[in-house]
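Undergrad: Here it is: the structure, laid out below.
The values are calculated or read from the model by the stated rules, or taken from the named source; none is laboratory data. Please read all numbers here as calculations on a predicted model, not as lab measurements. Cβ atoms come from the backbone with ideal geometry, glycine included; neighbour counts cover every protein chain shown. Side chains included, ligands, DNA and RNA excluded: accessible areas come from the protein's heavy atoms. Shrake-Rupley method; radii C 1.70, N 1.55, O 1.52, S 1.80 Å.
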Amino acid sequence: MLTDTYPFEEDENKTSELDCTSCGNSITVRDYQQNTVICGNCGRVLKEGIKDRGPEWRAFDHEQREDRSRGGTPVTYTIHDKGLSTKIDWKNRDGHGQSLSPKRRSQMYRLRKWQRRIRVSNATERNLASALSEINRMSSQLGLTKNVQEIAAKIYRKAVKENLIRGRSIEGVASAILYAACREAQIPRTLEEIAEVSRVELGEVSRTYRFIARELDIHLPPTDPARYVARFGSELNISGEAKVKAMEIIRKAQKERLTSGKSPSGTAAAAIYIATLKCGERRTQREVAKVADITEVTVRNRYKELGEELNEEIKV
């Protein structure tokens with residue numbers, strides 16, 4: 001059954017006419033099969049003979065829906081022209097599926113060439129095209145979602161608008177902004193992981209991130225160490241019980257303000273190490289440090305600090 005649920009959207013002087021006379025509720029359900037408006041609370045029919053606002057065609061599967069839909073792809077910030085420009089396909093066939101003549105092929109080749117040229121018409125668009133392509137490449141290697149790419153693209157466009165890219169490498173700025181997008185979306189990725197897939201050194205990514213954050217007034221809270229537990233725990237192949245115990249330790253540490261000024265990945269690694277000892281699933285400090293991409297010394301220091309401050313009984 002095709003229905004839509006929302007507060008009725010007509011002129012303000014008409015909204016009161018569709019308030020339910022039985023219960024006074026203003027949330028309505030549109031039933032397009034029965035062509036009626038129904039109260040979302042008690043089910044009373046409020047109006048009959050409504051117009052269907054949907055498409056005039058029908059589709060019975062996803063492929064038919066794709067073929068019959070006349071709307072284009074949604075606007076995206078991950079493409080320099082926001083996905084609004086036209087693209088000429090490389091298939092040398094006409095609308096009926098017939099092969100093009102040699103003369104027509106030559107003409108289409110020239111059209112494609114000029115289409116590529118006019119899509120990137122100035123230095124700003126070339127910069128955006130290069131940077132967004134780099135962000136997409138790194139996101140793919142890190143397994144980041146489209147949402148993170150959209151956030152990164154918006155921040156990069158803002159940086160271009162504020163003229164912050166001049167004198168800096170596109171790869172360095174793109175890497176720093178991708179790290180900022182991960183922080184904003186609360187995706188647990190460290191600077192070291194970003195630098196590993198980047199074409200620039202860790203130091204440059206770190207410096208550029210601090211510069212961009214300062215100039216664009218980006219204030220991001222530190223990453224929650226608990227967000228690293230699932231990923232680190234999966235790589236260490238520990239049980240769900242150990243993961244839950246590690247998260248409990250992190251929550252206790254946060255309550256006692258032991259995580260302030262400490263690396264989130266280091267805190268998470270130490271909590272996992274303690275949890276594995278308490279749950280009888282012992283992992284060595286070297287194994288935990290390798291997964292978290294930190295040193296064994298960091299794991300050892302954080303582990304001792306958490307054990308002493310939280311009075312955790314640990315059997316080594």
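Undergrad: Which residue fluctuates the most in the chain, going by a Gaussian network model with Cα springs under 10 Å, if the choices are L216, L132, L46?
TA: So, out of L216, L132, L46, the one fluctuating most is L46.
Undergrad: At most 15 other C-beta atoms within 10 Å and a DSSP loop state: those are the exposed chymotrypsin sites (Phe, Trp or Tyr not before Pro) I care about. Give me the longest piece of the chain that has none. Show your work: numbers first, answer last.
TA: Values: sites that count: Y32, W57, F60, W90.
The longest uninterrupted stretch comes out as 91-316.
Undergrad: Round to the nearest 10 and report in Å² the accessible area of E201, as given by a 1.4 Å probe over the protein chains' heavy atoms.
TA: Surface open to solvent at E201 totals about 140 Å².
Undergrad: Ignoring ligands, DNA and RNA, how do D94, D89 rank by accessible area with a 1.4 Å probe, largest first?
TA: Output order, biggest surface exposure first: D89, D94.
Undergrad: List the lysines whose alpha-carbon lies under 19 Å from that of K278, not counting same-chain residues fewer than 8 positions away?
TA: The reachable lysines, counting only those whose Cα sits under 19 Å from K278, are K243, K245, K252, K304, K315.
Undergrad: To continue, here is another question. Please report, in debye to the nearest 20, how large the charge dipole of the chain is about its Cα centre when each Lys and Arg carries +1 at its beta carbon and each Asp and Glu carries -1 there.
TA: 1640 debye
Undergrad: Right, another one. Once the whole set of protein chains is in place, how much accessible area is left on R44, using a 1.4 Å probe, in Å² to the nearest 10?
TA: My reading of the accessible area for R44 is about 110 Å².
Undergrad: Expressed as a fraction of 2.2 N^0.38 Å, the rule-of-thumb size for a compact globular protein of N residues, what is the C-alpha radius of gyration of the stretch 33-87?
TA: The reported ratio for this selection is 1.79.
Undergrad: Here is a follow-up. Using modelled amide H (1.01 Å from N, peptide plane; none on Pro or chain starts), what sits under 5 Å from the amide H of L46, excluding residues fewer than 5 places away?
TA: It is V37, I38, C39, by chain and number.
Undergrad: In addition: For the stretch 23-87 and the stretch 265-316, write down the distance between their C-alpha centroids in whole Å.
TA: Centre-to-centre (Cα) distance: 52 Å.
Undergrad: Roll a 1.4 angstrom probe over the protein heavy atoms and tell me the percent of accessible area of the chain that is carbon or sulfur.
TA: 46 percent
Undergrad: Using the Cα centre as the reference, give the magnitude of the dipole from point charges on the C-beta atoms of the stretch 225-310 (Lys, Arg: +1; Asp, Glu: -1; all else neutral), rounded to the nearest 20 debye. Before the final figure, lay out each step's value.
TA: Working: 17 positive and 11 negative charges, 23 e Å.
The dipole magnitude comes to about 120 debye.
Undergrad: Only Cα pairs within less than 10 Å get springs; with that Gaussian network setup on the chain, which residue of D67, D224, D52 has the largest fluctuation?
TA: In the Gaussian network model the winner is D52.
Undergrad: Over the chain, average the accessible area per residue using a 1.4 Å probe and give it in Å², no decimals.
TA: 63 Å²
Undergrad: Semi-axes of the chain's equivalent ellipsoid from the Cα gyration tensor, sqrt of 5 times each eigenvalue, largest first, rounded to whole Å?
TA: Values: eigenvalues 441, 255, 84 Å².
For the chain, the ellipsoid semi-axes come out as 47, 36, 21 Å.
Undergrad: How far is helix 226-236 tilted, in degrees, relative to the longest principal axis of the Cα atoms in the chain, given as a value from 0 to 90 rounded to the nearest 10?
TA: So the helix axis and the longest Cα principal axis differ by about 80 degrees.
Undergrad: Would you work out if the stretch 169-233 is rounded, prolate or oblate? Take a ≥ b ≥ c from the square roots of the eigenvalues of the alpha-carbon gyration tensor; rounded if a/c is under 1.5, else prolate when a/b is larger than b/c, oblate otherwise.
TA: The shape class here is oblate.
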